[in-house]
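*Asks:* Structure in structure tokens, see below.
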Amino acid sequence: MVIGADDDDSAAYRTVSVLSLVSLAFGLASPLAFFGPLLMVLPIAGTVLALLAVRRIALSDGTLIGRTAALLGLALSVASITAAFTRVELSHYLLSRQARATALEWFTLLQQGETEQAFQLMSISRQRPAPANPDNPNATPATSPLDEFRAGPVVHFMLEHAKSAPVRYDHSVAIDLFTTGEARIQQQYSVGVPPTNGDGTVSMVDLVLQRSRGAGGGPFEWLVSSATSDDVPTEPHEHEHDHAGHVH
């Protein structure tokens with residue numbers, strides 16, 4: 001009898017779990033999730049396969065090996081998922097701060113009466129004016145974008161009724177990122193003093209800000225795309241008897 005012969009025979013019947021090898025392959029490919037949201041399927045699938053592999057190996061009574069490979073694939077997949085989500089959250093936070101700086105500057109310029117400078121922070125200011133119609137020289141000239149900007153409900157409200165009202169960032173409603181590096185963020189701001197014992201009023205203003213390339217392919221810049229509010233009346237005369245910052 002040869003000592004250890006039984007051990008050699010039993011070892012010969014142990015096979016490597018295919019699932020453990022597949023989960024390790026997915027784990028090694030998991031960092032690709034950083035390059036696109038659709039590739040997040042790699043670490044998610046790697047995590048599921050690794051857990052299945054560990055379970056099958058545990059229930060195989062020693063006939064399957066590969067637990068180490070499965071655990072390594074699991075660790076790589078989980079780390080990639082965590083890092084990808086952390087990267088997205090950090091990116092959203094930084095973009096939100098950048099957009100917030102532009103928004104607060106826009107509000108401040110309006111409160112100071114610097115309408116033209118505030119208009120320059122609008123995306124519409126980058127658009128070329130429509131050419132005059134040569135076939136109808138007597139046509140009534142179109143309203144200029146600057147005049148339309150001044151007549152906007154939120155702009156009129158800030159110019160006439162909220163010059164000294166505090167403006168505070170409330171939260172980001174939505175953030176859209178594009179593969180070109182551009183972004184769009186919808187943020188909500190409160191204008192006015194929160195009510196205390198019946199005093200003070202607050203108007204909520206929604207701004208949509210866009211991050212896009214500057215003229216001629218220059219560096220990225222943030223611009224205000226739109227400003228809306230359910231609290232600000234669309235007709236300017238509705239504010240005539242309100243005090244600064246008060247809305248119905």
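*Asks:* Given the criteria exposed (fewer than 14 other Cβ atoms within 10 Å of the Cβ), closer than 15 Å to residue 100 by Cα and either of a type in the set (Val, Ile, Thr) or at pLDDT below 90 (or both), does residue 205 qualify?
*Replies:* Answer is no for this residue.
*Asks:* Restricting attention to the stretch 228-248, and to residues there that are touching a Phe, Trp or Tyr at 6+ places or on another chain (Cβ under 8 Å) and among the hydrophobic types (A, V, I, L, M, F, W, C), which single residue is modelled with the lowest pLDDT?
*Replies:* 247
*Asks:* Another one. With the requirement that a residue be over 36 Å from the mean Cα position of the chain (by Cα) and β-branched (Val, Ile, Thr), what does the stretch 36-73 give you?
*Replies:* If the condition is that a residue be over 36 Å from the mean Cα position of the chain (by Cα) and β-branched (Val, Ile, Thr), then 54, 57, 63, 65, 68 are the ones that fit.
*Asks:* For the stretch 129-141, state whether one or more residues are among the hydrophobic types (A, V, I, L, M, F, W, C), out of contact with any strand residue (DSSP E or B) (no Cβ under 8 Å at 6 or more places or on another chain) and at pLDDT 80 or above.
*Replies:* no
*Asks:* In the list 87, 56, which residue meets the criterion of being assigned to a helix (DSSP H, G or I), among the basic types (Lys, Arg) and closer than 29 Å to residue 174 by Cα?
*Replies:* From the options 87, 56, the qualifying one is 87.
*Asks:* If I filter the stretch 82-100 for residues that are surrounded by fewer than 16 Cβ atoms within 10 Å (Cβ to Cβ), of a type in the set (A, V, I, L, M, F, W, C) and more than 20 Å from the chain's Cα centre (by Cα), do I get at least one hit?
*Replies:* Taking every residue of the stretch 82-100 in turn, none turns out to be surrounded by fewer than 16 Cβ atoms within 10 Å (Cβ to Cβ), of a type in the set (A, V, I, L, M, F, W, C) and more than 20 Å from the chain's Cα centre (by Cα).
The values are calculated or read from the model by the stated rules, or taken from the named source; none is laboratory data. Predicted model only: the values in this text are computed from it and were never measured. Positions of Cβ are backbone-derived with ideal geometry, glycine not excepted, and every protein chain shown enters the neighbour counts.
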